Amino acid sequence: MISRLATAIALIAAPLAAQDFSEGSEARSWNLYAEVPATFEARVVDVMCELTGDCPENCGGGERQLGLLRAADGVLVMATKNNQPAFTGAVVDLLPYCGLSVTVDGLMIDDPEIGARNIYLVQRVKTDGGDWSKASQFTKVWARENPNAKGKGPWFRRDPRILAEIEKHGYLGLGLEIDREFKEYLFE
Amino acid sequence: MKRLLATLAALTALPAWASEGERITVTGEIIDTWCYYSGVMGGPDAVVGSAHHTCALWCSASGIPIGLLTEDGTVYTVLNLGPQDNATGGDTALTLASHTVTAEGMFYARDGINYIVVERVVSDMGITNLSHEDYDVVPSFAIPEPKE
């Protein structure tokens, strides 16, 4: 019975999956090969909770990956990237909306050749009746949480944990000796 | 009809439906999924291994999902990395960036994405993909130029 129902749902869901969510999107292009502008209504969810039923409070408080459960078709979209061109994820930006229904605008990455489906870069988010907020909070939150890492340059050049890894294993991660030889070649 | 379709589709979203995970053991490289999927810095081969290690640290530390890329090209999005550490900017995710590991845990698939909740990293082979030999470093500014 369940398998028949699952098949029926799959058949129905297939055309839904092909819906166009680009209408009304004002997402800025990142000139990515497989990007598609996409705006849609969704509920912000803890992905692991959705999959396993293990559901801590507040979507894990920042320690869990967050997803967007799309209202139109129930597809679980992975919120992979925020709006900052600074190697920054989307958890910090979406956590305040845990469990809420929101509208998001951004870029969907759809590249079946490498298995990219429902991968999303969120650029802005709003609740029903609210104003748009840019999904660009990571660096502010990082600065607040790392008061001793003040200085010049972007956050990723100053992050204590990243610096500790590089100090221990080098930029290539292969050890300091290989790093030294490689830098001599690279900057000769 | 539209309401029926939406209801049926929403049913698939219930956690209870998706809770039938499958225990698996997989071997692959811990990668940065954003650079891999988006192509923002080049093709898939350029954004893995030693060439991309520093960038993988940056992305992992900021909470971008990490993945486990197997030899056949399957990517498992890693949701948890052992009982004591999360996979969203957690310390273990950082120390394993670009490493080839064998991990065991529970596998889930939904809406075109494969997921793994890693219960145990069985073995850590370190960085085995010496991609810097072909690509130098990606992005090219990952290693800061020495000051004169």
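The values are calculated or read from the model by the stated rules, or taken from the named source; none is laboratory data. Fair warning: this is a prediction, and the values are worked out from it, not measured in the lab. Methodologically, a virtual Cβ is constructed for each residue, glycine included, from the backbone with ideal geometry; neighbour enumeration extends over all protein chains shown. These area figures cover heavy atoms from the full protein model, side chains too; ligands, DNA and RNA do not enter into them. Shrake-Rupley method; radii C 1.70, N 1.55, O 1.52, S 1.80 Å.
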Q) Mind checking which pairs have a first residue in the range A:162-188 that is at the interface with chain B (Cβ under 9 Å from one of its Cβ atoms) and a second that is β-branched (Val, Ile, Thr) and crowded, with 18+ Cβ neighbours inside 10 Å, Cβ under 6 Å, 6 or more apart or different chains? A) A:Tyr171/B:Thr54; A:Tyr171/B:Ile143; A:Gly173/B:Ile127; A:Leu174/B:Ile127
Q. Within the range B:60-78, can one find any residue that is facing another protein chain (nearest Cβ under 9 Å) and touching a residue at least 60 places away in the same chain (Cβ under 8 Å)?
A. no
Q: Hand me the list of strands (runs of 3 or more DSSP E) wholly inside the range A:38-127 holding 2 or more residues that are closer than 19 Å to B:Gly89 by Cβ and touching a residue at least 12 places away in the same chain (Cβ under 8 Å).
A: A:66-70, A:76-81, A:116-127
Q | Residue that is farthest from the chain's Cα centre (by Cα), among those in the range A:35-75 that are aliphatic (A, V, I, L, M), open to solvent by less than 10 Å² (accessible area, probe 1.4 Å) and at the interface with another protein chain (Cβ under 7 Å from one of its Cβ atoms) | A | A:Leu51
Q. Is it true that some residue in the range A:31-46 is touching a Pro at 6+ places or on another chain (Cβ under 7 Å) and at negative phi?
A. no
Q. Residues A:Lys134, A:Lys126: which one is more than 16 Å from B:Ser62 (Cβ to Cβ), in contact with a Phe, Trp or Tyr (Cβ under 6 Å, 6 or more places away or on another chain) and either away from chain B (no Cβ under 13 Å) or open to solvent by 50 Å² or more (accessible area, probe 1.4 Å) (or both)?
A. A:Lys126
Q) Quick one: is B:Asp124 open to solvent by 20 Å² or more (accessible area, probe 1.4 Å) and touching a helix residue (DSSP H, G or I) at 6+ places or on another chain (Cβ under 7 Å)? A) no
Q.
Taking the condition of being facing chain B (nearest Cβ under 7 Å) and within 19 Å of A:Gln123 (Cβ to Cβ), how many residues in the range A:76-88 meet it?
A. 5
Q: Just give me the residues in the range A:140-179 being assigned to a loop (DSSP other than H, G, I, E, B) and surrounded by fewer than 17 Cβ atoms within 10 Å (Cβ to Cβ), in sequence order.
A: A:Asn146, A:Lys150, A:Gly151, A:Lys152, A:Gly153, A:Pro154, A:Gly175
